[in-house]
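Structure first, then comments.
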Amino acid sequence: MKYKPKTNSQQHKIYKNNVKIMSNNEIKSEPGKILISIVSGQIIPNLLPVNELNPEFCLLVASNKMGKKAEQIRAAFINAGFDKEKIIIVRQVDEYKITDIAEKTKTALLEIKEKYFNNGEEPEYIFNFTGGTKHMSIGLYEMAFKDFEGKNVKLFYSLTPDKKNNIVKY
């Protein structure tokens, strides 16, 4: 990924293979949407869905090894105009323990709901299974169906920017 430095005369922009991923003030959020993404070594699959899905909240799930990547993604969201209070990082997830990702993610989602949706309103949960280990994806998938059954849940996988359909929805 190629970063262009922010100067007074230039907006902050992020590019991948000459395709603009995001830049300042491009993020438009829709109230009630929570995007849950697993952080991995490739940060583009975590950046692309924000522009297309317009979440109000971003929950980044990161293993110990991916904590720094999660902070980079958070910084990119903030530079693009996302409310920093609505970007939550779930840290120290055991990347090979299915129950760990499920429990920590569920706890964070319930905290968001309690803090921001206290009028009984149910958010839309959008699960991004693109990043992380297979164990992490399985844990997130299992939690989405077991603990959020009957709720407004959407699942997707993000392709690279050079594909025509960047988001595959399930």
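Before moving on, here are some points about what is shown:
- Residue in the stretch 78-87 that is among the aliphatic types (A, V, I, L, M) and in a helix (DSSP H, G or I) present: yes
- Among the residues of the stretch 125-143, those that are open to solvent by less than 40 Å² (accessible area, probe 1.4 Å) and in a helix (DSSP H, G or I) comprise M136, S137, G139, L140, M143.
- Of all residues in the stretch 30-65, exactly one satisfies the criterion of being assigned to a helix (DSSP H, G or I), free of Cβ contacts under 8 Å to residues at least 60 places away in the same chain and either of a type in the set (G, A, S) or within 24 Å of F148 (Cβ to Cβ) (or both), namely V50.
- Residue in the stretch 71-94 that is surrounded by 15 or more Cβ atoms within 10 Å (Cβ to Cβ), among the acidic types (D, E) and under 20 Å from K154 (Cα atoms) present: no
- Residues in the stretch 108-151 that are of a type in the set (S, T, N, Q) and over 20 Å from R91 (Cβ atoms): N118, N119.
- The stretch 117-139, residues that are polar (S, T, N, Q) and either within 13 Å of the chain's Cα centre (by Cα) or under 18 Å from I38 (Cβ atoms) (or both): N128, T130, T133, S137
- Within the stretch 107-124, the set of residues being open to solvent by less than 70 Å² (accessible area, probe 1.4 Å) and part of a helix (DSSP H, G or I) comprises A108, L109, I112, K113.
- Selected residue (only one of T99, T107 is among the polar types (S, T, N, Q) and free of Cβ contacts under 8 Å to residues at least 24 places away in the same chain): T107
- Residue ID - modelled with the highest pLDDT, chosen from residues in the stretch 157-169 that are surrounded by fewer than 20 Cβ atoms within 10 Å (Cβ to Cβ) and under 23 Å from G32 (Cα atoms): Y157
- As a summary of the residue check, I78 satisfies the conditions (1) without any contact (Cβ under 8 Å) to a residue 24 or more places away in the chain; (2) of a type outside the set (D, E, K, R); (3) over 22 Å from G32 (Cβ atoms) except for the one numbered (3).
The values are calculated or read from the model by the stated rules, or taken from the named source; none is laboratory data. Computed from a predicted structure; not experimentally measured. Glycine also receives a Cβ, built like all others from the backbone with ideal geometry; neighbour counts cover every protein chain displayed. Only protein heavy atoms, including side chains, enter the accessible area calculation; ligands, DNA and RNA are left aside. Shrake-Rupley method; radii C 1.70, N 1.55, O 1.52, S 1.80 Å.
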